[in-house]
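Q: My structure is below; once you've seen it, I'll send some questions.
Each reported figure results from applying straightforward, stated rules to the coordinates on display, with no laboratory input. From a predicted model like this one, the values you see are computed outputs, not experimental measurements.
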Amino acid sequence: MKYLLILLLSGILAGCGRNGDSEPKGLIPVDSMALILADIHIVEAMGNYPSMIDSVEIDFNQYYLDVLKKHGVNAVRYDSSYSYYVRSSKKMDEIYERVLSELSARENAPSSP
């Protein structure tokens with residue numbers, strides 16, 4: 001529920017943004033950003049399930065960094081690109097359409113035995 005609220009607030013902020021901002025250097029392309037965000041949402045969903053061992057402390061920041069590393073992006077480039085897209089509601093809408101498609105495709109993909 002907490003993450004849904006964050007998503008909604010991000011959407012509201014995106015709707016209030018300006019569309020005339022120039023692209024930052026090293027902007028992550030829309031397709032890549034959608035894949036990164038899909039992976040980040042999966043990491044966040046993991047946080048919604050209680051750990052089987054209460055004494056294990058999970059460092060989600062490391063998971064986020066692992067997602068960025070998987071996609072060949074550092075945190076500064078991600079933050080810069082995310083900030084740019086948040087200010088452009090049309091682009092953020094396009095990204096989240098792709099995120100939802102990607103997550104649906106992963107959910108419906110056959111599992112490996």
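Q: Once you have the Cα-Cα distance between E94 and N48, take 0.36 nm times their residue separation minus that, and quote the gain in nm to one decimal. Please list the in-between numbers first.
A: Details: separation 46, 0.36 × 46 = 16.56 nm, distance 2.63 nm.
That pair, E94 and N48, stretches by 13.9 nm at full extension.
Q: Compute the length gained on full extension between N61 and A105: take 0.36 nm times their separation in residues and subtract their Cα-Cα distance, giving the result in nm to one decimal.
A: Taking 0.36 nm per residue and subtracting the Cα distance, the gain is 13.3 nm.
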